[in-house]
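Below you'll find the structure, written out as structure tokens, and then a few comments.
The values are calculated or read from the model by the stated rules, or taken from the named source; none is laboratory data. Quick caveat, the model's predicted, so the values are computed rather than measured. Backbone-built Cβ (ideal geometry, glycine too); neighbour counts: all protein chains shown.
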Amino acid sequence: MKREWFALSVVLVVAVLFPAMLFGYQAWRSRAPGMQVIDVVARLPEEGGFVPDRLRLVAGEPARLRLTSPDVVHGLTIPGLGIDIETIEPGRVVTIDLTPAAPGRYAFACTRWCGVDHWRMRGVIEVTGVAGGGTASAMPTAEPPLYQQLGLDIDAMRHETHVMPEVQPSAARGAALEVSLPPDLAAANRRRALAPTDAFAQSRAEAAMTSLSDRDLWDLVAWAWLRDTQPEALERAERLYARDCAACHGPEGRGDGSAGQDLPGMQKMDPAMPAGPADFTAAARMLGASDALLQGKLLRGGMGTGMPEFGSLYTSEEQWAMVAYLRGFLFGR
Ligand code: HEC
Ligand SMILES: [Cu+2]
């Protein structure tokens, strides 16, 4: 009788109590007290994209995101919260614990070319509350982007320029000339307001530059454009370009990426303008565009042209580094 009781209690412990404890432990682990747990399904954009695509969190309060994919491999970036998940594989759960420090809107996006509409796969985390959980600090008021400060219409018809270099301008040759740059080219914000052709024409008209050949001047322009971007920033832009842009604009910047084939491009604005993604090697168009315009397009996106906005995903340093990277399709380093 005693032995039977003993056997029964062993069975009880092994079959009931132990699994119950294990289950309890797991439940406890996956749901720390007070932690908000949100399940996010990453679907192909045609099937709905991120569901939900709008999350609400509170500053200073820990939260857990559990990501799954029912279809293909996706990725996730939440730049404002420093989160980068390379793969969300079908059948696996990716867990992210985060505690947003400050209120604000944090955009997130898929980082894998999961389908033709990949770039539509985005969402936003709205964080409410006060920074650091303490007294409310005023949100930094963002300065309007340069193209707005300059009153530039980035959707306007752009006339192609005829003032063009005969050989590829080289920043290295420009630097070797050891000529001091005119003020409009020396200060980043003034240079960014100028198209390279205007910079060339202005410099050509300067008395101090008469001894320089046209080729020298173009080299100087290339130098002025590329000199202030740090190598690390440029490397980052290169990686971002491969991840976010090459599928439409092509790996060589020719506007021939497969994901961009059916996009209206600037023809949406005016039938006389080019269709599809911009060709960054087209000198007649690119040399007529200021950095302010290119950054404006990048941060705002196109109005129904097919060009997505990256202002919510890239810091302003990344945007300027990207513009410098795009210049590299025309200007040699
Ligand atoms: C889904 C396709 C697509 C992706 C992805 C895309 N672009 Fe574009 N992009 C376009 C199209 C289409 C245009 C032309 C229409 C326009 O200017 O709005 C364009 C235009 C531009 C222009 C304006 C060029 C000019 O001469 O006015 C810039 C700058 C640009 N893209 C940069 C980028 C960068 C940088 C990335 C990656 C971070 C990127 N694009 C990703 C489709 C795309
Ligand atoms: Cu995706």
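So here's what we get for this one:
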| quantity | calculated |
| --- | --- |
| Test set (1) β-branched (Val, Ile, Thr); (2) modelled with pLDDT of 95 or more; (3) within 16 Å of ligand 1 (Cβ to nearest atom) - VAL124 fails condition number | (3) |
| Any hit, the stretch 246-262, residues being closer than 19 Å to LEU146 by Cβ and assigned by TED's automatic domain parsing to the domain that holds ARG192 | no |
| Members of the stretch 223-241 that are at pLDDT below 95 and in a helix (DSSP H, G or I) | none |
| Residue tally, condition touching a Gly at 6+ places or on another chain (Cβ under 6 Å) and either closer than 18 Å to TYR147 by Cα or of a type in the set (A, V, I, L, M, F, W, C) (or both), over the stretch 301-333 | 4 |
| Any hit, the stretch 68-78, residues being modelled with pLDDT under 95 and either within 11 Å of ligand 2 (Cβ to nearest atom) or not β-branched (Val, Ile, Thr) (or both) | no |
| The stretch 264-287: number of residues that are over 19 Å from MET322 (Cβ atoms) and either in a loop (DSSP other than H, G, I, E, B) or among the acidic types (Asp, Glu) (or both) | 9 |
| Any pair with Cβ under 6 angstrom, 6 or more apart, that starts in the stretch 33-49 at a residue that is touching a residue at least 40 places away in the same chain (Cβ under 8 Å) and farther than 16 Å from ILE125 by Cβ and ends at one that is more than 16 Å from ligand 1 (Cβ to nearest atom) and assigned to a loop (DSSP other than H, G, I, E, B) | LEU44/ASP71 |
| Test set (1) part of a loop (DSSP other than H, G, I, E, B); (2) under 30 Å from the mean Cα position of the chain (by Cα) - LEU181 fails condition number | (2) |
